[in-house]
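Since every read-out is calculated from the coordinates, none of them should be taken as a lab result. All values reported here derive from a predicted model rather than from experimental measurement. Heads up, the Cβs are rebuilt from the backbone with ideal geometry, glycines too, and the neighbour counts pull from every protein chain shown.
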Amino acid sequence: MSVTEIPELRIELGPAAEAIQRVGRRLADLLATIDEPDRRVRGLEWTIGELVAHVAARSGRFAAYLSGAAVPEGEI
């Protein structure tokens, strides 16, 4: 199954969801090693902890779209 309105671009949902899960686990393992979550991220107004929370939430939401468990609200 493919989700896209652009005929030339086909995204196969199964492999895409599996790739997001793999990368998500690797990212979670990496981020678990951070000892200073309150430290500011250079070039941003966020802390490392805030950036991690943002990436985790967005990644989880995108995975839910791919699995069909959620419907996009606006652009993803």
**OP:** Count neighbours as other Cβ atoms within 10 Å of each site's Cβ, and list the trypsin sites (Lys or Arg not before Pro) in region 6-49 that are DSSP loop with at most 11 such neighbours.
**Re:** ARG10, ARG39, ARG42
Original post:
Please identify the chymotrypsin sites (Phe, Trp or Tyr not before Pro) of region 31-76 that satisfy two criteria: DSSP loop assignment and at most 12 other Cβ atoms within 10 Å. Which are they?
Top reply: none
